[in-house]
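Since every read-out is calculated from the coordinates, none of them should be taken as a lab result. Owing to the predicted nature of the structure, the values given are computational and were not obtained by experimental measurement. Positions of Cβ are generated from backbone atoms using ideal geometry, with glycine treated the same way; all protein chains shown enter the neighbour counts.
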């Protein structure tokens, strides 16, 4: 018996003493996918073949060697990342990551531009999620899209949103499960506006037009994403939390909560149970803001653990969709994917290994002392041994051993690509 298996057997006994079925927890973890975000691999450049600046308040820094420059390079890098992450997970695409044989504006894209991604994912048993790209375009240069006062510009972005929903629906039909299409727009104001109402009225009307055509929920789930502020929209964001919460409730849409889109002292873990009383499902963009919405690589911190605890304690696994949203080019980009995804799964496993019913029984009985004692003892339980066993049984490296594969890949492949254009850890893009 290997050292990993010995440690696992001891951990299983420890958890069994608390009434936790470790094997059931691991099996449950296998059924919960995480949606990896394509933009970590190329610093949100995309493949439109234009010189469009990222814009819309989105800032990036850093130039670690090895940025993916083509669709094939990005897919290859994703293959490496997936091979080091236990479980079978999804891929989240932005619209600017299509394959374009000729110049194609955002309002003209179609499923033909993403058939290569559908085929690639089918071969690897991944499923796709999608996002319209309301940034890095001349008609978004002033930081306004669906709420723009110019009807022609507004219609251009409405048409883009409509095209993206059609694409996402066809993706869902092809893969046999719903593709989540998440709408985030950068619209806002650097200084205090004189009229907060009119842009929000225009945004609501534009969204209604984007969502006018109904698609089967088995193919498409629509999501809307809020934000507190951004660079260039420090004083006013049209699509605020309150705006999109009301919109999601009244239009029966998913609400997307991004861990970096609120005040630095505000957390999304506390919002999960509240919002799920009123919206059908949630999409989470798991990120890590440092002082601002800076999209740092997800670490195994208290808020990540709290997010996963809320999902599991509330029994929300089937109503909360977990996506990642960070990008950092100050370190190896593939390593960033692996670090963030493995940490997310670790936090999920830790939550699944809680004796949930015991904790909630203690709470209902008013035994707050017992609840606190058990919660504190759980922090030193050997969940790491269960995680190592899960990795080993999934055929991926245990512990930090996966870094050896990254180092070798960097030496053999990434270093030959040279340095990237200035890019990196940035504000959230969706």
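How big is the Cα convex hull of segment 101-182 in projection, averaged over all directions, in nm²?
About 5.7 nm², averaged over all directions.
Which FRET efficiency, nearest 0.05, do residue 198 and residue 252 yield, Cβ-Cβ r, R0 30 Å?
About 0.75, to the nearest 0.05.
Based on a Kirkwood Rh over C-alpha pairs, give the Stokes-Einstein translational diffusion coefficient of segment 260-321 at 20 °C and viscosity 1.002 mPa s in µm²/s.
Taking Rh from Cα pairs, D becomes 177 µm²/s.
Only Cα pairs under 8 Å and at least 6 apart count here; give the relative contact order of segment 284-363 as a rounded whole percent.
38 percent
May I ask for the equivalent-ellipsoid semi-axes of segment 1-128, computed as the square root of five times each C-alpha gyration tensor eigenvalue and listed largest first in whole Å?
Its equivalent ellipsoid spans semi-axes of 40, 17, 14 Å.
Which one, 217, 310, 48, has the greatest fluctuation when you compute a Gaussian network model over the chain with C-alpha springs under 10 angstrom?
217
Just to be sure I understand: of the beta bridges DSSP finds with both ends in the chain, what percent are antiparallel, rounded to 5?
Antiparallel: roughly 10 percent of the beta bridges in the chain.
Any chance you could list P(r) for segment 245-393, counting all Cα-Cα pairs in 10 angstrom bins from zero, rounded to whole %?
11, 35, 35, 17, 2, 0
Taking a cut-off of 19 Å, what percent of all Cα-Cα pairs in segment 211-298 are separated by more than that?
Above the 19 Å cut-off, segment 211-298 has 42 percent of its Cα pairs.
What is the chain's relative contact order, in percent, from Cα pairs under 8 angstrom and six or more apart in sequence?
Value for the chain: 24 percent.
Can you work out the FRET efficiency for the pair residue 375 and residue 50, with r the C-beta to C-beta distance and R0 = 51 Å, to the nearest 0.05?
Rounded to the nearest 0.05, the efficiency is 0.45.
For 274, 223, what's the fewest-to-most ordering of other Cβ within 10 Å of each Cβ?
By the 10 Å Cβ count, ascending: 274, 223.
For the residues 303, 99, 225, 108, what sequence is obtained by ranking on other C-beta atoms within 10 Å, fewest first?
By the 10 Å Cβ count, ascending: 108, 99, 303, 225.
Kirkwood Rh over Cα pairs of segment 292-341 into Stokes-Einstein at 20 °C, 1.002 mPa s: D in µm²/s?
So the translational diffusion coefficient is about 175 µm²/s.
Quick one: Cα centre-to-centre distance for segment 89-139 and segment 279-354, in angstrom?
Taking the Cα centre of each part, segment 89-139 and segment 279-354 sit 24 Å apart.
Among 385, 127, 318, which one shows the highest mean-square fluctuation when the chain is modelled as a Gaussian network with alpha-carbon springs under 10 Å?
Result: 318 has the largest fluctuation of those listed.
Using only Cα atoms, tell me the angle between helix 402-412 and the longest principal axis of the chain; keep it within 0 to 90° and round to the nearest 10.
Taking Cα atoms only, the helix is inclined about 40 degrees.
Neighbouring Cβ atoms within 10 Å as the yardstick, rank 51, 42 fewest first.
The order, fewest Cβ neighbours first, is 51, 42.
Separation between the residue 83 and residue 23 pseudo-spin-labels, each 7 Å from Cα along Cα→Cβ, expressed in nm?
Those two pseudo-labels are separated by 3.2 nm.
Against the longest principal axis of the chain, how steep is helix 383-394, in degrees 0 to 90 to the nearest 10, with axes from Cα atoms?
70 degrees
Go through 168-176, 113-121, 181-189 and give me the packing order, highest mean Cβ count within 10 Å leading.
Going by the mean number of other Cβ atoms within 10 Å, highest first, we get 181-189, 168-176, 113-121.
If packing is taken as the average number of other Cβ atoms within 10 Å across a peptide's residues, how do 342-349, 234-241, 67-74 rank, most packed first?
In decreasing order of mean packing, 342-349, 234-241, 67-74 become 342-349, 234-241, 67-74.
Taking only Cα atoms, what is the 0 to 90° angle, nearest 10, from helix 115-124's long axis to the longest principal axis of the chain?
For helix 115-124, the angle is close to 10 degrees.
Calculate, axis by axis, the spread of Cα positions in segment 174-217 along the three principal axes, and write the results as whole Å, longest axis first.
Its Cα atoms span 47, 19, 10 Å along the three principal axes.
Report the full-extension gain for the segment residue 119 to residue 102: residue separation times 0.36 nm, less the Cα-Cα distance, to one decimal in nm.
4.1 nm
Using helices alone, I'd like the mean residue ellipticity at 222 nm for the chain: each DSSP H run of four-plus residues gives -39500 (n - 2.57), total over residue count, nearest 500.
Calculated mean residue ellipticity at 222 nm is -13000 deg cm²/dmol.
Which order do the peptides 352-363, 277-288 take when ranked by the mean count of other beta-carbon atoms within 10 Å per residue, highest first?
Most protected by this proxy first, the peptides run 277-288, 352-363.
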